[in-house]
Every structure is written in C-alpha cells, then in structure tokens.
Amino acid sequence: PLHESAWKAAEASAARGAEALGRTDEGHWYLTVSTTRPETMLGDTAVAVHPDDERYALLVGVDVELPLTGRTIPVISDAFVDPDFGTGMVKVTPAHDPNDFEIARRNDLEFLDILTPEARMSENAPERFQGMGRFEARKAVVAALEAQGLYAGEKLHTHQVPHCYRCGTVVEPRLSEQWFVRMAPLAHPALQASLDGTVTFAPTRWKKVYEDWLENIRDWCISRQLWWGHRIPVWYCRDCDEQVVSRDDPTACPGCGSQRLEQDPDVLDTWFSSWLWPFSVFGWPDATDDLRAFYPTHTLSTAPEILFFWVARMVMAGYEFLGEEPFAQVYIHGTVRDKLGRKMSKSLGNGIDPLEVVDRFGADALRFTLISAAGVGTDIYLDPEDLEASFAPGRNFANKVWNAGRFTLMSLGDGPVAPPSEVDDDLELADRWILSRLSRTTAQVTRDLERFRLHEVAERLAYEFFWGELADWYLELVKPRLRGEAGEASRQAARSTLVTVFDAVCRLLHPLVPFVTTALWNRLPFPEGEGRPEDLIVAPWPDPVPIWENPEAESGLAALQELITEVRSLRKEYGVKEGRGISLEIGAVPESFRGTLDVEMRSLQRLASVESVAIGDEFQGRIGAHAVLKSGMELFLPLEGVIDLDQERARLRGEIRRLEGQLAGAEKKLANESFVSRAPQEVVERENEKARSFREQLDKLIEKLSDLEGA
RNA sequence: GGGCGCUUAGCUCAGCUGGUCUAGAGCGCCUGCCUUACAAGCAGGAGGUCACUGGUUCGAAUCCAGUAGCGCCCACCA
C-alpha cells in the first residue's frame, strides 16, 4: 500500500503504464511485486525500479507500507533492475540475496537478517512467524497475505536455486561476518607473470582464462564453517573490542588485559593452505636445502577446474612469500568422464576404481591407457561398465613389451656385449635401419613430450616404433643372426645393436610403462665398458644420434618390407597354405636395391615364406600372380593350378583402376598451369615423380593383364 | 546470459606449420595360422560424401565465416 501523499504520483505513473501499480475498490493505491521466496518479504527494506524507467520515475522516493511487518520502506532506483522483466519493479531483501545486498550498499538501505543459522525465522521477523522454518514461513506468509486480500496470485516461473553440493539442501543467502583477503595487490604480479610469459599454459587457451580471472579479481572469503581445517588465528576479547591476530595462542587481551579471549570458531578455506604447497612441501618458512634446490619447480600438471582456486593462488603466494613464480609451465590435462560426459566423481559414484584396474589389467596398463587417451585439450571418456574396452589395449601393450623383452634377454645370452662403435663394420641393413629409426623416434618423442602431446608419444613410440618396427620387423629379421646362423661377427653386431636399442627404448618408454620397463632393464646386459646408471628412472634421457640416421638404410628396408608384404598378400589372396613351399621371381630390380636383395635373400625367403627366390624377368605368358611395386620392381609367383585366372584378372583390373585414379589426380594437378607456377618447386617435383611412378606401374600391369586376357 | 571446446571408419580417437592425406591407430568385424618371445599373439583384409553451406588458396580434414547438433566451464534476474 502507498501512503496517501503518494497517490497523486501513483495516478500519474499509472497513466505512464506502471504495471506494478494497482488500486483497491476503495481507491487506495498499492504496488504488486513478485518473488519466488515470499517469506523473504519480511526482510525487505526497499522496492527498486530502474533509473531510466519512465513509468516509475515519479514514484522514486515515495514510501510504501510493507504488509505483515508494520514497516515502511522506500521506492528506490538502481541500474540492476531489468525494466523488461516482470513488472519492472523488484523487492529488495539485502540480507538474503547477493544482488539485493549490492543494491542496498549502493543505496544505503537497511540490512535486516530475518533468518537464524538454521534457516528459521529470526527475532527480526514479525512475532507470529518467528521460529518457523523457511518453507513453513513461506506458506504462512502467503496465507497471511491472502487473508488480508493482498495476495495477487501465483505464476509458474522456472529458475535455478543453489543447492548444497553434498546434501542437496537449498541454500539461503544470509548476511554474516567473514574474513576476506584483499586480492588486488596479490593478483597483479600473478597476472604479470602470464602476460610476460614467465608462466605459460598448455593448452594455450587457458592463458586467457587465467588472465581474465585475475583482471577481474574479487576479494577472497577465507572463513569456512566446517569442523576440519586450520582454525582462523583471530581472538576476540569479550571485555573490549580488541581483536588479536597471533601465531601463538594469546592468554590475555593486549587492550584491556582481560583473559576472556575467544578464538574465531571458523576455519580457513582449504585453498588458503594449499596455495602454499609449492614451497611448504620443501620446509618453508625455514630456508631449507630442499627449498633452495627445488624452488621454483618446472611444470605443474593439474585439472582445469582448479585453475583459479589453486593454480592462480599458488602463483600469487609464490610471488608474495618468495618473490618468485612457483613453476614455469602449467599443463592442464583433460577430465575423465563417463559415457554420458559426466565428470567421474565420488559423489556421483560413476568413477572407475583404479585398484580394480590395476588388479585386472596392471598398473602399466592403467597408466598407458590414460596417456594414450590424453590428447591435448581433450577430455577422456571411459566406460566404467566396460573396463575391458578401455584398458585392454594398455595391458596388451605392456604384455608385448614383456614378451619382446623376454625374447631379447633370452637371445642376447650371457656373453659380453660389444659397444656399437666396435661392431660398426659388421652392422647389417636391419641394424643400421633400427638405429636410424631409434634416433628419429627419440627426437620426435622428446619433442612431443615437451609439448605435452602425450597421446602422440604413445602412438609413435609404443605402437609405431616399439611394436611396429622393433618387434614386428627388427626382432624377426635378426632371429637367425642371434642364433649364430650367420656367423659370429653378424651375431655380435646384432647383439650390440639390440642392447643399444633396447636400453634406449626402455628409457623412452619408462614414463609410459614404468614397471615392465624397469623389470626388463634391470636384467639387460650392458656393453663392455659402459657405465650402468643406478636405476632406470634416473638413467639419462636418450639423445638422438644424427650419425645413425641413415636414409639409404630406411629406404632399403622399406623396399624389402614392401616386397615381403606383397608376397604375403598374394599368398593370402590365392589361399596358398602356410606349409606349401612356393618360389618367387623378381624382375626389374632397381640398381639401388640389388645389393640389399643379395644380402637379405634369406630374410626375404623366411619372412615371405617362399622356398626359393630367382631374379629374372621371364614372366610373359606364364600362369601365376603378378605384381608391380612402387619402385617399378616386378614380382611373380608361379601358381599354375592354384590360381584362378578370372580372379587374377579381376585383381589386376582393380589395381589398374586404383592406379589410374591416382595418376589422374597427379596429372590433373600437373596440367594446372597455376599449380606448376605457384606451388613450391619441390612439391611440383614430388608430384612429377608420383606421376612417373604411377605410369610405370600402370604400364606394366596393363601389359600383364593383356597377357592374361588371351590365356 | 558470458566464455570455451567438439563433430573424421561400427565404437573411442589421432591427424601439429595447408601439399607423402585417394585420410591413420586401438577396439570391434572377416579370413588363415597354437610359425620354440608373445593366441592378451602373428599374417592378410573389409570398412570413411573428414557434420552441412559458402569463402580464401594453385591446392582445404587442416585456414575463415555462417548453419545444425553435442558438450564443458563461469555467472545467474527478483
């Protein structure tokens, strides 16, 4: 209800479309406001409108009677109010709403706390409501308004209310006294550290998030009403106004000498101790050796949701207490989520028990799986219901390392191992190849680790290098040599190479699969005269060895692989049983591959499972499987009686179609004037080379096909 | 409401400075193998209009804009 003195203004306002205004049958003016929490009206100390809202301009400053309370409160204006929401008029409850609290501070309003800590109506509420719970009071207030004919009705309004993260109870804001830390002076150096690159973030997008928060820094409430924690070191004197802040428990008030001191019942926010972590773990505030040796640290690895709570505050504390940043890099890893995208958490109970994973798949499998899933800036989705799907690959890899390691140790035997430099002259293609691959892999993996590209490390080092190159090819290639079948010099060269490579790969893999690599490395013989580090975990990280990098060995072995793979593929295509010995004929051998072929003849026979290999080009008119490799090399498997000619023709046609497509693509590019003139020379050259190779293969295949058409 | 991210094979995801990408891996699937390191394995295979539309460029999964869908974080209007 409005005081009669304001009725004139009300009438004028109503003419301007003031929606909140109404009039009783008796002609009394009143205001209607809406709320989702009717009981809070008992604590209202104003009604607010927007300063630019013409409809209500005349009413600002008038008094209204607040029903049920006997109190009179003013209409005020504040920019917070949204004129387009509801009637454009808001009730203001400073003690029980954060926004209203701010409005009250700006407008010098009263604060009336009508709730007890237990969320019952306090002595500040009208007597008839005192002691009621808030929900009970809500009903009672509505009923009381209704009884007085002051209730305008209700309307559905969907909004979100804060709930306790543990018990789900609706949280009511309530005025209280808390300790705060003034943050602006602390934030400044922490912001500067990011701006000037002293502290960097990976992925880089977190840099902006960090800086935005510090630029809009708010004071930090450090009081917590919890049972556990560091108690706030403040004592209040019961006999005077003195407050004592002290490290030691004071016994008497320094102001009046009273002994009646009472410590603040609250405890400190957990982060108030956690932000000291980078140096408190080293014994700070004592100037310990550890602190000198290890502070500042290098990289902090942490989760995105505590970037502000913890990371930013550690940087602040670092500068504040030690004058130096606590770490140079912050790596923000992904969050592990369940199938529905929910963060795995104890309270949701949607997590995976790491101990169960360790039990079923092994600790290395757990670690490896998470690393191989850790794409930069991406979350990790795992299905708690299907651990097999998530962790089997990790277990399989660890198992592979174990088996390859067992084989390595067994094959090396006991004799002394020569350092690689001493067997240099005896190194064979496979040795030179794997050393070359090792050096390149080392360089790549080191770079990937430095850039936190952990999943790339898993892919390149574990799958491509260890499994795909070392286990699948090198170990297979050197088996006979390790058995001594190619002579002692060859055996020693292979042993030396294998020890070198296995030692290095254990060091590289150690961060991914620490347990299995340690178990193997401890038993790995070391070359004569080479010092053995104390333990794998402290063994120096391998460096790339540029003199090992050997493009000829790599291309030679690649050609050998292609040859072997093609033979295997053809055998399979025509269902040639494992046991059945067949012969292989190779033609058009490139000059550069002749030497390799001679030397690796045995490897070829063994790995392609062919009984004999002949070099020649008398394939014309003969029945069998034909193929042409990238280098133009031709191969022929005489399979008369086994091969189905229709199938062979179809296969050749398929090959021809594939090559024609590739050739067409390359030729189209090369026919494009602007490609030839604008693309870098080497790109054009490469395209030319591709086209040439496609054409050569194509010509040969077409010839073979036409050869068969007549048969 | 503000900010950010994602969309590529049946599934989970790589693909960095545009050109070896007619696009890879693991799992799953098909075929053949218990080959004295490994069947949790070996060998061979099938499977993709790179969400859509437009733009930039000699050239786009990749860069830009828009659209659709999915998701995360922060704030929260009585």
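The values are calculated or read from the model by the stated rules, or taken from the named source; none is laboratory data. No experiment lies behind these values; they were computed from the predicted model shown. Here the Cβ is made from the backbone with ideal geometry for all residues, glycine too, and neighbour counts use every protein chain on show. Keep in mind that these areas ignore ligands, DNA and RNA; they rest on the heavy atoms of the full protein, side chains included. Shrake-Rupley method; radii C 1.70, N 1.55, O 1.52, S 1.80 Å.
Numbers for the structure displayed
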quantity	calculated
Under-5 Å amide H pairs with residue A:232, H placed in peptide plane, nonlocal only	A:266, A:267, A:268
Radius 13 Å from Cβ of residue A:278, net charge of other residues (Lys, Arg +1; Asp, Glu -1)	-3
FRET efficiency, 1/(1 + (r/R0)^6) with R0 60 Å, evaluated for residue A:52 and residue A:409 via beta carbons	0.15
FRET efficiency estimate (nearest 0.05) - Cβ-Cβ, residue A:102 to residue A:459, R0 56 angstrom	0.60
Proximal aspartates and glutamates to residue A:343, defined as alpha-carbon separation beneath 17 angstrom and excluding residues fewer than eight positions away on the same chain	A:305, A:353, A:379, A:383, A:385, A:386
Rounded percent of accessible protein surface that carbon and sulfur make up, chain A, 1.4 Å probe	50
Alpha-carbon centroids, segment A:336-409 and segment A:2-57: separation in whole Å	63
Subset of A:207/A:346; A:91/A:139; A:630/A:668; A:479/A:577; A:668/A:700 violating a 26 Å alpha-carbon distance limit	A:207/A:346
Rg/Rh for segment A:231-286, where both radii come from Cα atoms and Rh is the Kirkwood radius	1.13
Where labels lie 7 Å past Cα in the beta-carbon direction, separation of residue A:82 and residue A:385 in nm	3.9
Linear extension gain, residue A:321 paired with residue A:309, 0.36 nm per residue minus alpha-carbon span	2.5 nm
Filtered chymotrypsin sites (Phe, Trp or Tyr not before Pro), segment A:144-221: DSSP coil and at most 13 other beta carbons within 10 Å	A:165
Length added when fully stretched, residue A:640-residue A:246, from 0.36 nm per residue minus Cα-Cα	132.0 nm
Heavy-atom accessible area per residue - segment A:449-505, 1.4 Å, Å²	35
Förster-model FRET efficiency, 22 Å R0, residue A:612 and residue A:588, C-beta, rounded to 0.05	0.70
Euclidean distance of C-alpha centroids, segment A:93-117 and segment A:602-657, integer Å	89
GluC sites (Glu not before Pro) lying in DSSP loop within segment A:608-711, provided at most 13 other Cβ fall within 10 Å	A:611, A:618, A:640
Contour excess over end-to-end distance, with Cα ends at residue A:284 and residue A:686 and 0.36 nm allotted per residue	138.6 nm
Charge sum, other residues only, whose C-beta stays under 15 Å from residue A:17's C-beta, Lys/Arg counted +1 and Asp/Glu -1	-3
Under Karplus coefficients 6.51, -1.76 and 1.60, residue-wise ³J(HN,Hα) of segment A:49-64 in Hz, glycine/proline x	10, 6, x, 9, 7, 4, 4, 9, 3, 6, 8, 4, x, 7, 9, 10
Low-density loop cleavage sites - GluC sites (Glu not before Pro) in segment A:163-262, where at most 12 other Cβ are within 10 Å (DSSP)	A:177
Label-reachable residues, segment A:543-564, where backbone N falls under 15 Å from a point 7 Å from residue A:658's Cα toward its Cβ	A:562-564
